[in-house]
Amino acid sequence: HPYAGLVSHLRTSWLSGRTRPMEYRVAQLEALGRFLDDKKEEILEATASDMGKPCFEAFFSEILLCKNELHQTLNNLGQWMKDEHVGKNLVTQLDSAFIRKDPYGVVLIIGPWNYPVHLLLVPLIGAIAAGNCVIVKPSEISKNTERLMAESLSCYLDNDCYAVVTGGVQETTKLLENKFDFIFFTGSPAVGRVVMSAAARHLTPVTLELGGKNPCYVSDSCHVQNAARRLAWGRFFNAGQTCIAPDYVLCSLEMQEKLMPALREAIAEFFGPNPRESPDFGRMVGDKQFRRVRALLSSGRVATPGGVQEMSPTVLADVLPSDPVMQEEIFGPILPIVVVANMDEAIDFINARPRPLAIYAFSSDSKVVNQVLERTSSGGFCGNDTLMHFTLTSLPFGGIGNSGLGKYHGKFTFDTFSHQRGCLHRNMGLEALNSPRYPPYSQQKMGLVTATFEIKRRGMCTIL
């Protein structure tokens with residue numbers, strides 16, 4: 001157990017109570033804010049080196065949204081930490097019943113490579129805010145960002161309570177052999193199963209932020225140009241390497257014929273005639289990922305110039321459900337279009353597959369959007385746009401079923417890393433009030449216990 005000493009050291013720090021005071025948590029969060037400010041240019045350079053992230057996209061997704069999460073937490077931490085007083089029965093009216101927000105202890109956060117700063121630091125913000133000690137494991141695939149995290153975070157955070165572990169599959173496997181009090185993982189469903197299996201050996205609770213194929217239904221009653229622009233932005237942001245990107249479009253044959261030229265226009269508007277040379281279009285993270293995505297092009301027909309061979313945004317028309325591109329999450333700059341007869345067929349198509357991380361629906365008729373929302377199930381939902389629900393700290397973000405377990409963002413992150421501890425603090429006197437529950441039992445005592453403990457349904461009366 002090569003990391004046993006590190007985990008033990010952090011557990012000693014947590015047991016000392018060091019991370020519990022609000023002042024300590026605020027100081028560490030403010031230090032994290034200084035890291036984001038001081039290392040802004042280095043973050044932009046590292047993400048550009050790792051995957052060609054445009055400066056705009058990197059700043060928006062990796063820095064701005066992180067700082068929003070941080071400021072939301074700092075603005076509300078005092079309120080979130082307060083005991084939550086709850087209702088009481090007749091017997092406990094003179095006592096104190098409350099929910100205490102306790103830290104779990106020593107937690108592990110495993111981040112992915114596609115948003116290597118945001119998807120590591122946002123969970124870390126909540127874990128610190130909740131009073132935990134934390135080990136963070138950045139992805140080795142985005143190696144420049146991993147190096148930045150490993151070398152710089154320790155200069156800002158308390159090294160007795162927070163640590164960065166680097167390495168690949170072997171190191172992560174060894175790390176997971178240790179007992180943690182909570183594990184937060186972002187990545188693929190396949191690796192999520194491995195993490196959950198490792199956690200099960202220690203009965204450790206987990207949050208799994210996974211992925212999947214996110215459907216997007218485009219109805220015949222929508223503004224085609226607006227839908228195309230929003231679709232193209234969501235699909236090709238970060239070169240399609242986004243877990244909540246629309247993975248495929250469901251629409252009628254008539255809408256497909258309207259949507260294809262509109263998508264071509266949107267792609268040309270965003271990235272110019274040669275997206276490969278555009279400074280505003282990202283790149284795939286590595287050759288392995290590129291080759292996997294390129295192999296999916298044997299599906300349907302290419303409806304845009306260029307193609308993934310040139311690292312260009314690619315739209316595939318007339319894709320069949322049995323085509324390779326529909327068998328796995330794409331995680332690259334390909335947008336397949338699958339033709340369906342109508343909304344009912346689109347909903348049946350969605351419901352016949354594992355529940356996705358996000359579902360999108362475009363229509364000028366709000367009833368259509370609401371029908372898709374009401375008749376499907378997914379981690380999140382966005383009508384008439386893509387990705388934007390992710391930007392709100394007021395909304396819970398997370399998957400369901402194959403797309404994940406648990407939720408975070410804003411207060412939901414604090415709650416995820418907090419144990420909701422039910423507490424009752426009773427008066428040491430007034431012992432006569434307790435006597436009806438003590439043996440020897442009698443029918444009279446049963447009546448008293450029923451009268452003082454029973455919860456009655458509203459609007460109903462009991463005839464004695």
Working only within region 253-270, note down all residues that are under 28 Å from D50 (Cβ atoms), open to solvent by 20 Å² or more (accessible area, probe 1.4 Å) and not small (G, A, S). E269, F270
With the requirement that a residue be charged (D, E, K, R) and out of contact with any strand residue (DSSP E or B) (no Cβ under 9 Å at 6 or more places or on another chain), what does region 113-145 give you? E140, K143
Residue check, L77 assigned to a helix (DSSP H, G or I), open to solvent by less than 60 Å² (accessible area, probe 1.4 Å) and more than 23 Å from E140 (Cβ to Cβ): yes
Unmet criterion (only one of (1) out of contact with any Asp or Glu (no Cβ under 7 Å at 6 or more places or on another chain); (2) open to solvent by 10 Å² or more (accessible area, probe 1.4 Å); (3) without any contact (Cβ under 8 Å) to a residue 60 or more places away in the chain) for V315: (2)
Between residues in region 254-279 that are in the same structural domain as A232 (by the TED database) and residues that are in a helix (DSSP H, G or I) and open to solvent by 90 Å² or more (accessible area, probe 1.4 Å), which pairs lie under 7 Å by C-beta distance while being six or more apart or on different chains? A262/Q225; A266/R229
Of the residues that make up region 95-102, is at least one open to solvent by 30 Å² or more (accessible area, probe 1.4 Å), touching a Lys or Arg at 6+ places or on another chain (Cβ under 6 Å) and either closer than 26 Å to G211 by Cβ or part of a strand (DSSP E or B) (or both)? yes
Residues (hydrophobic (A, V, I, L, M, F, W, C) and either under 19 Å from M388 (Cα atoms) or touching a Leu at 6+ places or on another chain (Cβ under 9 Å) (or both)) located in region 50-79: C55, F56, A58, F59, F60, I63, L64, L65, C66, L70, L74, L77
Selection within region 1-59 - among the basic types (K, R), within 19 Å of L148 (Cβ to Cβ) and crowded, with 18+ Cβ neighbours inside 10 Å: K39, K53
Cross-chain or 6+ apart pairs with Cβ under 7 Å, region 88-105 first and free of Cβ contacts under 8 Å to residues at least 60 places away in the same chain, then in a loop (DSSP other than H, G, I, E, B) and exposed (fewer than 15 other Cβ atoms within 10 Å of the Cβ): K88/D95
Open to solvent by 30 Å² or more (accessible area, probe 1.4 Å) and within 24 Å of L373 (Cβ to Cβ): which single residue out of E277, E329 fits that description? E329
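The values are calculated or read from the model by the stated rules, or taken from the named source; none is laboratory data. Keep in mind that this is a model prediction, so the values were computed, not measured. Note that each Cβ is placed from the backbone with ideal geometry, even for glycine, and that neighbours are counted across all protein chains shown. When the accessible area is computed, the model is the full protein with side chains, heavy atoms only, and any ligands, DNA or RNA have been set aside. Shrake-Rupley method; radii C 1.70, N 1.55, O 1.52, S 1.80 Å.
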